[in-house]
Amino acid sequence: MNHSDICSWLRSPSGQYLLSWEQAQFDERVADVFGYHALQLGLAPLAALQANRMPQRWLALQYPKQLADLMMDSASLLAQFESLPFDSQSLDLIVLPHTLELSADPHQLLREAERVLRPEGRLLISAFNPWSLWGARQKIGHWTGYQFLPEVRGMISLPRLKDWLKLLNFELQGGCFGCYRPPCRSDKGLARTSFFDPAGDRWWPVLGAVYILMAVKRVAGMRLIGPAWKQKPQSVNATAPIANASSLSTHVELQRGTDD
């Protein structure tokens, strides 16, 4: 699955159903994440940071043609997701809306996200659930040639993703499954099966078509401190600002330097 494929699919009835659910989930989860710098990697049709109040919010894309799909009020930049143009420990929030499924190297992408996140920074991920009706329909489509979802490099199960995050010292902070309706291609079919959502959320929650997961970066020996006015004066400023952050502007391509 490439960016164009999923953006085209998101305009379908099933895509709009999923997009509406994910937008509400991202809005709820990013609203109370505080800091200065937030970054969304990919999936321009989803404005994952629109409810966040950080002063610096970026949407990173990998190809210039993706700029045509922009739907969020934040600066955009072109970058390779596996080699981000940000200093280490410089971001407060990173969101990955189906980004891992689009990546040729999801392990490296997660390592890069861990590198640029500050201690106690948040990572928010959404992904298709292979153990769902949509996942089963996709597997059948591989045999019949009629796939329901755009082709992905590989769906990542929630237990597998949890293992990856644990190895990178991320601590889980909650999440949920959603979109329980069968893989219908029409608005009429989705409307007729709307009762699946409350039923699935109650009786078979782990079988949702998609899941969202929040994690926090933990660093041994680090802890959060109170507001600055409650602390004794410090002789060393511990803030790690983003290099040349003030020079970032809308639709500008950045290249990462040779030094981290």
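Contact list please: Cβ distance under 6 Å, first residue in region 43-67 and closer than 20 Å to Val116 by Cα and buried (at least 20 other Cβ atoms within 10 Å of the Cβ), second residue at pLDDT 90 or above and of a type in the set (Gly, Ala, Ser), pairs at least six apart or on different chains.
If the second residue must be at pLDDT 90 or above and of a type in the set (Gly, Ala, Ser), the pairs left are Leu49/Ala38; Asn52/Ala38; Arg57/Ala38.
For region 85-101, how many residues are closer than 11 Å to Ala60 by Cα and modelled with pLDDT of 95 or more?
Number satisfying all stated conditions: 3.
Need pairs with beta-carbon distance below 7 Å; first residue buried (at least 21 other Cβ atoms within 10 Å of the Cβ) and within region 117-135, second of a type in the set (D, E, K, R) and not in a strand (DSSP E or B); sequence gap 6+ or separate chains.
Once the first residue is buried (at least 21 other Cβ atoms within 10 Å of the Cβ) and sits in region 117-135, its partners that are of a type in the set (D, E, K, R) and not in a strand (DSSP E or B) give Leu124/Arg29; Ser126/Glu22; Ala127/Glu101; Phe128/Glu101.
Check region 144-152 and report whether any residue there is in contact with a Lys or Arg (Cβ under 9 Å, 6 or more places away or on another chain) and of a type in the set (Phe, Trp, Tyr).
yes
Which residue out of Ala136, Ala104 is modelled with pLDDT under 95, among the small types (Gly, Ala, Ser), out of contact with any strand residue (DSSP E or B) (no Cβ under 9 Å at 6 or more places or on another chain) and in a helix (DSSP H, G or I)?
Step by step, each of Ala136, Ala104 is checked, and only Ala136 is modelled with pLDDT under 95, among the small types (Gly, Ala, Ser), out of contact with any strand residue (DSSP E or B) (no Cβ under 9 Å at 6 or more places or on another chain) and in a helix (DSSP H, G or I).
Is there a residue being crowded, with 22+ Cβ neighbours inside 10 Å and of a type outside the set (Phe, Trp, Tyr) anywhere in region 137-148?
Scanning region 137-148, I find no residue that is crowded, with 22+ Cβ neighbours inside 10 Å and of a type outside the set (Phe, Trp, Tyr), so the answer is no.
Looking at region 7-34 only, could you name the residues that are open to solvent by 30 Å² or more (accessible area, probe 1.4 Å) and acidic (Asp, Glu)?
Answer for region 7-34, where residues must be open to solvent by 30 Å² or more (accessible area, probe 1.4 Å) and acidic (Asp, Glu): Asp27, Glu28, Asp32.
Can you tell me which residues in region 101-116 are open to solvent by 10 Å² or more (accessible area, probe 1.4 Å) and either touching a residue at least 60 places away in the same chain (Cβ under 8 Å) or among the β-branched types (Val, Ile, Thr) (or both)?
Passing the criteria: Leu102, Glu114, Arg115.
Among the residues in region 115-122, are any of a type outside the set (Ser, Thr, Tyr), out of contact with any strand residue (DSSP E or B) (no Cβ under 6 Å at 6 or more places or on another chain), closer than 25 Å to Leu172 by Cα and in a helix (DSSP H, G or I)?
Checking region 115-122: at least one residue is of a type outside the set (Ser, Thr, Tyr), out of contact with any strand residue (DSSP E or B) (no Cβ under 6 Å at 6 or more places or on another chain), closer than 25 Å to Leu172 by Cα and in a helix (DSSP H, G or I).
Among (1) assigned to a helix (DSSP H, G or I); (2) at pLDDT below 95; (3) of a type outside the set (Val, Ile, Thr); (4) within 22 Å of Phe26 (Cα to Cα), which single condition is Leu77 missing?
Evaluating Leu77 over (1) assigned to a helix (DSSP H, G or I); (2) at pLDDT below 95; (3) of a type outside the set (Val, Ile, Thr); (4) within 22 Å of Phe26 (Cα to Cα) leaves (1) as the failure.
The values are calculated or read from the model by the stated rules, or taken from the named source; none is laboratory data. From a predicted model like this one, the values you see are computed outputs, not experimental measurements. Backbone-built Cβ (ideal geometry, glycine too); neighbour counts: all protein chains shown. The accessibility values were calculated without ligands, DNA or RNA, using every heavy atom of the protein model including side chains. Shrake-Rupley method; radii C 1.70, N 1.55, O 1.52, S 1.80 Å.
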